[in-house]
Every structure is written in structure tokens, then in C-alpha cells.
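See below for the structure under consideration.
Read the figures in this text as sums done on the coordinates, not as results from a lab. This structure is a prediction, so every number in the text was calculated from the model and none was measured. Note that we place each Cβ from the backbone using ideal geometry, even for glycine, and neighbour counts take in every protein chain shown.
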């Protein structure tokens, strides 16, 4: 069956072509050019942070954030098991040990009480992942980090436009990362950003992402750095996307509200908004009533050309991280029952109504 309603599709109806063509016409297509600083400054302003350093994708943003904090072998970093694999792999890249925590049943975010339980003398940082557009409990996590003198890192790949108590995520901890992959709120194709309010961490990010090039001596490298730079072409896309970001966020919230209304009387649970937060609805997601109905429902929707995807499988269940048996019952329950529904900005109300009508037909309603 041909996909008629994809789970995600970027909206490229603004100045994307104009700005990319400007890069081509000027020949500034690599990691120098005016759009780099325009995108970095514009994004920092949008999230209300002091500094933003663009990088080539969201995964290297995570690795870079860990590197500039000095995290490495012998350190432990606490991370939710219910997350995309990049959050955990980036910890492993540094030689540090990821320590998994369970989720909260209502928000699906990492459980601060479990974070508290999992801290040890080797714990160096908490990596908070704002999952599917809903923020973590940053008040509780920041309190733990402050009390135990831990770094607090925010993975905001799925949370552009998300706020906690009126403050944009990515500005609570020491450093934060964002992704601009093709299915994110704004897209540069591939791309990411490291954001911080600490000038030293910003300077270190710029230093390490640019092959460790010395500021004061041409072609002299004083650390083992990385080629993590964003291209001017990607940044041009980012500038055009940033011009439309408020429209994208507003539309996705409308889509989330419509889904919530339409499935309210069905035997599924919608990933709703909790008090004091702004849910950006990067993904509109549901939980089926029983795990054995998840895949059949996805197949049923697929038979009508509607693409869906499962929630992330808890990382502690994957072969490379399953050496020591662990149980994280809430994350496992969410992972086995969850479905991401189509939620891109160009989705129409009629599309949402159709998706929900087929969910109803699956349940014989």
C-alpha cells in the first residue's frame, strides 16, 4: 500500500530555495558563510539562550556536549531508558557508562525519584531527554543536580518549542542539544545545535567541533577535535525554517488537540499535556489498551496508507546494553503499547479525522 499520510514530512514552503540558491550563487557551501551565524544567533534568541553552536547533526551535538564537560572513562551518566538510541550511544562514545532510569507513567519522561536512586560517587551528569515534545520535570532534576553537584544536560532533539513553567527547554541545565533532522520541528536535512549560557562551554564547543583548531595560530591544533561543523547550505535551510517556526508549533498543537478530542472515547490513551508545560507535540502519540494490539493496529492503519511508528524500545532491552538484566516496568509498558501517529505541520484536519476513524474501525466502534 502506498503511503498517503506519512508519519512526518518537512514543510519547505518558505525561503528555503531562495537562501540555498544564494549559497550556491555565492559558492559559500561549506562551513563558512553568513547563514551559519544568522542561524546560530536566531536560534539562541528563539530559546532565550546566550550561545548556540551549530553542528552537523543531533547525535554529534550530544557527543560534543559530553566532551566539553570532560565526561569520559570512569564516569556515569544517568539517562532514561525510554529514548532514542543516540542519547545513550553518545555517552558510550566518550567511554562513560550510561545508567538507565525508568519513566513516569503520566508524562512518559524520566523519573526523578529513580534518578535519585541511581546516583553513585561515579555519577558525573544527568542527561534529561524531553521525549516526544513534552518536557521532563526540570524543577526536580535541577534540584538533584545542584544538590549532588552533577552536570545537567538537556537533549531537546524532540522538543523545539517546548516550555516548562514558561521557560524554553534547553536553558535549565549546563548545556543542551537540539536536532534538525528531516522529521524535527524545523529541519536542515541533517543538523544540530549545542546551546548554553556558559561562555566557557560555548568556546570549548566551537573549539572541539572545528578540529581543535587554535584561535591564535593558523593550522595549529591543540586538542584532538572533531569535524562536527554545519554547512552554510544547511544553515540557510535553518534560517528559512526559523522564520516559520511559530506557525509550525501552533499547527502541531492544533493537531495534538484535535487528536486528543477524537480519541477521547476510544480504548487508547493520548500523550496529553500536564500542568505548567507547553507540549510542542513533536509526535502525537497514543497507548493502546493491550500490548498485543499495538502491531495489529499499526498494520490496520498501514492498510489504508497511513504510516505510523512504535514508541522507542527501551534501550536497556537492546543487545549491546542488555548485558546486565534490568527491569524498568513503566518504560517497558510504554514501549510495548505506544504508537506515534502522523503529526507534521502540513497535516490537515481531514487527515487527522481519517486516521482516527480507522482507529475506531479497528476497535469496531
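Structure values in brief
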{"read-out": "Helix-only [θ]222 nm of the chain, DSSP H runs n ≥ 4, -39500 (n - 2.57) each, per residue, nearest 500", "value": "-11500 deg cm²/dmol"}
{"read-out": "Relative packing of 161-168, 115-122, which averages over residues the other C-beta atoms within 10 Å, highest first", "value": "161-168, 115-122"}
{"read-out": "Sequence of 31, 103, 26 once ranked by neighbouring C-beta atoms within 10 Å, starting from the fewest", "value": "26, 31, 103"}
{"read-out": "Among 302-312, 185-195, 48-58, the order from most to least packed when residues are scored by Cβ within 10 Å on average", "value": "185-195, 48-58, 302-312"}
{"read-out": "Å³ per residue enclosed by the Cα convex hull of the range 111-245", "value": "134 Å³"}
{"read-out": "The range 245-362 - Debye-derived log10 I(q)/I(0), Cα point model, q = 0.15 Å⁻¹", "value": "-0.71"}
{"read-out": "Cα centroid separation, the range 62-121 to the range 287-365 (Å)", "value": "24 Å"}
{"read-out": "Sites residue 264 and residue 322 - FRET efficiency at Förster radius 35 Å, r taken between beta-carbons, to 0.05", "value": "0.40"}
{"read-out": "Protection-proxy order for peptides 79-85, 226-232, 258-264, each taking the mean of Cβ atoms within 10 Å per residue, highest first", "value": "79-85, 226-232, 258-264"}
{"read-out": "Average projection area in nm² (convex hull over Cα atoms of the range 1-131, one quarter of hull surface)", "value": "12.3 nm²"}
{"read-out": "For the range 126-183, fraction of C-alpha pairs farther apart than 12 Å, in %", "value": "61 percent"}
{"read-out": "Value of Rg/Rh across the chain [Cα atoms, Kirkwood radius]", "value": "0.98"}
